[in-house]
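Structure first, commentary second.
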Amino acid sequence: MPAKRTAPSAAPRLLAGGNPQIAKGEGDATVQAYIAAMPGWKRPLGARLDALIGQAVPGVHKAVKWNSPMYAVAPGKGWFLSFHCFTRYIKVAFFRGAALKPTPPEPSKSADTRYLHIHEDGGLDEGQFLDWVRQAAALPGERM
């Protein structure tokens, strides 16, 4: 009888810029798999972002789409935030960011979207981030 073959390790592949390639899926487990695959200094920062989002929006709905964690107030309500790994920073996208006060610092090709770039040595103003998350969650979400 031939020996049973075991499946190869299903470790996520890192795409350009170190962004984990994670299968699309709904729920916290999928987002945690993405965070666990984030390289280097980005992993603990990704975990902190996820925790802060959960603190600001209890019961937040999570998913991974387009190799990025996505956050919504509830299923079917539209997405208000996502983040994505790049080589030198993590890009947080506020889909209705132009309506936030103060406006997040990085512009987008979309008139509504604004970004926050978090660099390894740049730190995160957690108070400001929590305020933006609460504001963003109170706006209509982006349907994708």
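The values are calculated or read from the model by the stated rules, or taken from the named source; none is laboratory data. This is a predicted model, so every value here is computed, not measured. Here the Cβ positions follow ideal geometry from the backbone for every residue, glycine too, while neighbour counts run over all protein chains shown. Surface accessibility is based on the protein's heavy atoms, side chains included, excluding ligands, DNA and RNA. Shrake-Rupley method; radii C 1.70, N 1.55, O 1.52, S 1.80 Å.
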Exercise. Taking a probe of 1.4 Å, how large is the accessible area per residue of the chain, in Å²?
Worked result: 55
For this session: State the answer as a single residue: which of Ala37, Gln128, Val73 lies farthest towards the positive end of the charge dipole of the chain, with beta carbon charges of +1 for Lys and Arg and -1 for Asp and Glu, about the Cα centre.
Result: Ala37
Exercise. Which percent of the accessible area of the chain is formed by carbon and sulfur heavy atoms (probe 1.4 angstrom)?
Worked result: 56
Problem set entry | Cα-based Rg / Dmax (Å) for the chain | 16.2, 68
Problem set entry | Hits among lysines - C-alpha to C-alpha of Lys62 under 18 Å, sequence gap 8 or more where chains match | Lys24, Lys77, Lys91
Problem set entry | Of the trypsin sites (Lys or Arg not before Pro) in the stretch 84-144, those whose Cβ has at most 16 other Cβ within 10 Å and which sit in DSSP loop | Arg88, Lys109, Arg143
For this session: Mind giving me the nanometre distance, one decimal, between the label points for Asp28 and Lys77, set 7 Å out from Cα along Cα→Cβ?
Result: 1.7
Exercise. Hey, what angle do you get for helix 28-37 against the long axis of the chain, alpha-carbon based, 0 to 90 degrees rounded to 10?
Worked result: 80
Exercise. How big is the charge dipole of the stretch 43-144 about its Cα centre, in debye rounded to the nearest 20, if each Lys and Arg gets +1 on its Cβ and each Asp and Glu gets -1 on its Cβ?
Worked result: 360
